[in-house]
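Worksheet: the structure to be examined is printed underneath.
The values are calculated or read from the model by the stated rules, or taken from the named source; none is laboratory data. The structure presented is a predicted model; accordingly, all values stated were derived computationally and were not measured. All Cβ positions, even for glycine, are placed from backbone atoms using ideal geometry, and neighbour counts span all protein chains on display.
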Amino acid sequence: MTHGLLLVNLGSPTSPDSTDVKSYLKEFLSDPNVIEMPKAIWQPILNGIILPTRSWRSSTFYKHIWTKAGSPLIAYTKIIRDNIRQNLPDWNIQMAMTYGQPDIVDTLQNMAKTCDEIVVLPLFPQYTQSSSKSIIDQAKSANVPIRIIEHFYEKPEYTKILAAQIQPFLDSANYDQLLFSYHSIPTAMVKHGDPYQKQCLETTSKTIDQLDFPEDKIKTVYQSKFGPMPWLKPYLKNELNQLVAMGKRNVLIVTPSFVVDCLETLEEDNVQNYQSFKASGGDEFKLVPPMNENPDFSKFLADLAQAKMNEVSD
């Protein structure tokens, strides 16, 4: 028997075709951890309004970012998995997705045939109900021996790697503003005790302590709002337009809640927010890439899994 590590990311449609996108969105937006509205109210809205309109639109966005390797989110998660396999050659390292394939429960149950214990590692530095809790719920339902790493934003090595990603960009140009942009969540979740906003602010704080850049030029914002309900603010798109209005036309953005490139970074930020910023009069718009294939990040995750397993063994 051996140790196991299951990396879990959000997921992706199997193709950018509208039928596959619709199937993916239906699974994603039917998760009660994502949408807290009662099913009797939400499902008619989802099936009657959201999916018929959003599936086609999202399909066009996925087609923009799709590569020969498929979904960037899936492709980069595979690279991280393979890098960790080199760091932990005696471990059984697999990946799964919260929505779509590979399935979390099936993967864990297959791993349990050869693993004495499995570390489950959601690829989300900060914990929130709408991402991490869904992974934890599914992992526990597999009924196999697991240990879960709920977040890693607070680890000094993580913020060191994040700062090292950012600093070369700061050194290469004269930016008026550095924006830490996190995926937003409904404010109601925070009011009900979700620690996500606090962890995002701490991530920013711990990282900027290691940056050579004026703190008064750094701000935390949020992106990727969905639906009419209030979500965490300030919104990235609005902030970009306000910065231009104030004469701050050179902006660098980092997205710490996304560890790999995905629809939000490649399409929402690098296309939609870029175009909006330029149209409003902005000049330099640069996005710091997520961790992606960064070997230091993969090594960090391997060390994190080993520490969790040692903690269990002691």
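List the number of the failed condition for PRO122; all other conditions in (1) crowded, with 20+ Cβ neighbours inside 10 Å; (2) over 16 Å from the mean Cα position of the chain (by Cα); (3) closer than 22 Å to ASP261 by Cβ hold.
It is condition (2) that PRO122 fails.
With respect to the numbered conditions (1) buried (at least 19 other Cβ atoms within 10 Å of the Cβ); (2) touching a Leu at 6+ places or on another chain (Cβ under 7 Å), which one is the sole condition not fulfilled by VAL244?
So VAL244 meets the others, but not (2).
What is the residue count in the range 256-298 for residues that are of a type outside the set (Ser, Thr, Tyr) and in contact with a Pro (Cβ under 8 Å, 6 or more places away or on another chain)? Spell out the reasoning first.
Pass one, the range 256-298, residues of a type outside the set (Ser, Thr, Tyr): 256, 258-264, 266-273, 275, 277-279, 281-297.
With in contact with a Pro (Cβ under 8 Å, 6 or more places away or on another chain) added as a condition, the list becomes 256, 258-262, 266.
Here the count works out to 7.
Specify the residue that is nearest to LEU5 (Cα to Cα); the eligible residues are those in the range 279-314 that are in contact (Cβ under 8 Å) with a residue 60 or more places away in the chain and aromatic (Phe, Trp, Tyr).
PHE300
Test VAL21 against the criterion of being in contact (Cβ under 8 Å) with a residue 24 or more places away in the chain, among the β-branched types (Val, Ile, Thr) and closer than 26 Å to PRO186 by Cβ, and give yes or no.
Numbers: in contact (Cβ under 8 Å) with a residue 24 or more places away in the chain: yes; among the β-branched types (Val, Ile, Thr): yes; closer than 26 Å to PRO186 by Cβ: yes.
Spelling it out, VAL21 is indeed in contact (Cβ under 8 Å) with a residue 24 or more places away in the chain, among the β-branched types (Val, Ile, Thr) and closer than 26 Å to PRO186 by Cβ.
Return the pairs, sorted by first residue and then second, in which the second residue is hydroxyl-bearing (Ser, Thr, Tyr) and surrounded by fewer than 19 Cβ atoms within 10 Å (Cβ to Cβ), the first residue lies in the range 93-115 and is farther than 23 Å from ASP31 by Cβ, the beta carbons are less than 9 Å apart, and the residues are 6+ apart or on different chains.
Final answer for the pair search is THR114/THR2; CYS115/THR2.
Kindly provide the set of residues from the range 157-193 that are free of Cβ contacts under 8 Å to residues at least 40 places away in the same chain and either outside the structural domain of GLY282 (by TED's automatic domain parsing) or touching a helix residue (DSSP H, G or I) at 6+ places or on another chain (Cβ under 6 Å) (or both), ordered by number.
Result: no residue meets the conditions.
Of the numbered conditions (1) crowded, with 16+ Cβ neighbours inside 10 Å; (2) without any contact (Cβ under 8 Å) to a residue 24 or more places away in the chain, PHE61 fails exactly one; give the number of that condition.
The one condition PHE61 does not meet is (2).
Considering each of THR107, THR98 in turn, give the residue that is assigned to a helix (DSSP H, G or I) and surrounded by 21 or more Cβ atoms within 10 Å (Cβ to Cβ). Lay out the reasoning, then the answer.
Details: THR98 fails: assigned to a helix (DSSP H, G or I).
After ruling out the rest, the residue left standing is THR107.
Suppose we keep only residues that are in a loop (DSSP other than H, G, I, E, B) and small (Gly, Ala, Ser) within the range 199-238. Which one would you say is surrounded by the most Cβ atoms within 10 Å (Cβ to Cβ)?
Checking each candidate, the answer is SER224.
Name, by its number, the condition in (1) part of a helix (DSSP H, G or I); (2) hydrophobic (A, V, I, L, M, F, W, C); (3) surrounded by fewer than 21 Cβ atoms within 10 Å (Cβ to Cβ); (4) at pLDDT 95 or above that does not hold for VAL312.
(4)
Name every residue in the range 44-80 that is in a helix (DSSP H, G or I) and at positive phi, in order of residue number.
Applying the first criterion (in a helix (DSSP H, G or I)) to the range 44-80 yields 44-65, 72-80.
None - no residue of the range 44-80 is in a helix (DSSP H, G or I) and at positive phi, so the list stays empty.
On the given criteria, is LEU301 touching a strand residue (DSSP E or B) at 6+ places or on another chain (Cβ under 8 Å) and closer than 19 Å to LEU10 by Cβ? Don't jump to the end; show me each part of the working.
Working: touching a strand residue (DSSP E or B) at 6+ places or on another chain (Cβ under 8 Å): yes; closer than 19 Å to LEU10 by Cβ: yes.
So LEU301 passes the test.
Conditions tested, residue by residue: (1) of a type outside the set (Ser, Thr, Tyr); (2) at pLDDT below 95.
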site: ASP20; (1), (2): yes, no
site: ARG54; (1), (2): yes, yes
site: THR60; (1), (2): no, no
site: ARG81; (1), (2): yes, no
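Hey, could you check the range 125-137 for residues that are buried (at least 23 other Cβ atoms within 10 Å of the Cβ) and among the β-branched types (Val, Ile, Thr) and say which is farthest from the chain's Cα centre (by Cα)?
Here the residue is ILE135.
Can you name every residue in the range 247-276 that is surrounded by fewer than 22 Cβ atoms within 10 Å (Cβ to Cβ) and assigned to a strand (DSSP E or B)?
Scanning the range 247-276 gives a single hit, ASN250.
How many residues does the range 22-81 contain that are within 17 Å of the chain's Cα centre (by Cα) and of a type in the set (A, V, I, L, M, F, W, C)?
10
Could we say that ASP261 is assigned by TED's automatic domain parsing to the domain that holds ALA75 and under 17 Å from LEU123 (Cα atoms) here? It would help to see each step written out before you state the result.
Numbers: assigned by TED's automatic domain parsing to the domain that holds ALA75: no; under 17 Å from LEU123 (Cα atoms): yes.
In short, no.
Only one of (1) surrounded by fewer than 17 Cβ atoms within 10 Å (Cβ to Cβ); (2) over 18 Å from SER132 (Cα atoms); (3) touching a residue at least 60 places away in the same chain (Cβ under 8 Å) fails for LYS39. Which number is that?
That leaves (3) as the condition not met.
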